[in-house]
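Here is the structure we will look at, set down as structure tokens.
Rule-based calculations on the coordinates, nothing more; no lab input. None of the values given here were measured: they were computed from a predicted structure. Cβ coordinates were reconstructed from backbone atoms using ideal geometry, including for glycine residues, and neighbour counts include every protein chain displayed.
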Amino acid sequence: MKKTIPAHMKKICLLAILCLTLTVAVSCNKSNAVKLTYAIGQTTAPCSGEIIVFKFADNRPAKNLGKDNSGASISTLSDVADWVGWALFDELKAAGCEPKYRTSTVTPGDLPLITGEVLDLTLNQTGTTTYAGKVTVKIMVEKAGQIIHTEKYTSEVEDVVVPGYGSETDIMAEALRGLLTEAVPTICSKI
């Protein structure tokens with residue numbers, strides 16, 4: 001005996017398939033918010049002793065990162081100042097220093113203090129699958145209450161964004177890594 005599926009069950013199945021298709025389509029729709037992450041690079045600068053990294057100021061003229069090809073704004077899900085400060089902390093620790101991170105008040109005494117400003121952070125779509133990221137940071141090294149070094153660093157990276165190969169997050173991390181690769185040896189030589 002052959003069983004047939006009632007008409008209302010067919011409609012329910014079609015409705016479920018339609019809902020599943022819409023859910024997948026919506027979840028695949030790209031969000032224009034980037035989470036900023038960082039992984040340390042290969043530090044060759046020797047560093048020793050205690051040091052304080054004070055939270056950087058976010059002095060960017062625009063808080064959005066940039067735009068994609070459709071003109072939609074690209075924003076960040078992360079605190080930009082913390083992203084830069086913690087990346088510097090990690091790099092100094094990898095170099096051999098004993099850093100401490102402070103966010104609100106600091107009394108360094110005779111310990112070196114590193115702080116600075118994020119002047120620019122951009123991410124723009126430059127092609128169908130390519131994005132360009134740029135980071136500009138001013139870093140200040142202070143010792144015994146005196147500024148002993150100030151320098152502005154900039155790093156730019158353009159790369160492909162394809163699932164399984166690279167992401168916008170990777171581009172921003174690589175741009176910051178390029179900046180810190182230049183800044184950390186200078187900082188270590190000043191403290």
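Please report the antiparallel percentage of DSSP beta bridges with both residues in region 50-190, rounded to the nearest 5. Among the beta bridges of region 50-190, antiparallel pairing accounts for roughly 75 percent.
Net charge of the neighbourhood of R60, taken over other residues with C-beta under 13 Å away and scored Lys/Arg +1, Asp/Glu -1, is -1.
In plain terms, the chain from I5 to A94 could stretch by 25.5 nm, reckoned as 0.36 nm per residue minus the Cα-Cα distance.
Ranked for footprinting exposure by Cβ neighbours inside 10 Å, fewest first, S75, S189 give S189, S75. Remark on C97: its backbone amide H falls under 5 Å from those of C47, a criterion applied only to residues 5 or more positions apart or on other chains, H modelled at 1.01 Å from N. Extension gain, T154-T37: 0.36 nm per intervening residue step, less the Cα-Cα distance, totals 40.3 nm. Here's how it looks for I74: its modeled amide H is under 5 Å from those of L65, G66, K67, D68, which are all 5 or more places away or on a different chain. Exposure proxy for M172, M140: other Cβ atoms within 10 Å of each Cβ, ordered fewest to most, give M140, M172.
The phi-based Karplus calculation (6.51 cos²θ - 1.76 cosθ + 1.60; θ = phi - 60°) puts the 3J(HN,Hα) values of region 53-69 at 9, 9, 3, 6, 8, 9, 10, 6, x, 10, 7, 6, 6, x, 9, 8, 5 Hz, whole numbers, x for Gly and Pro.
Residues of region 133-163 falling in the label zone of T105, defined by backbone nitrogen less than 19 Å from a point 7 Å along Cα to beta-carbon, are 145.
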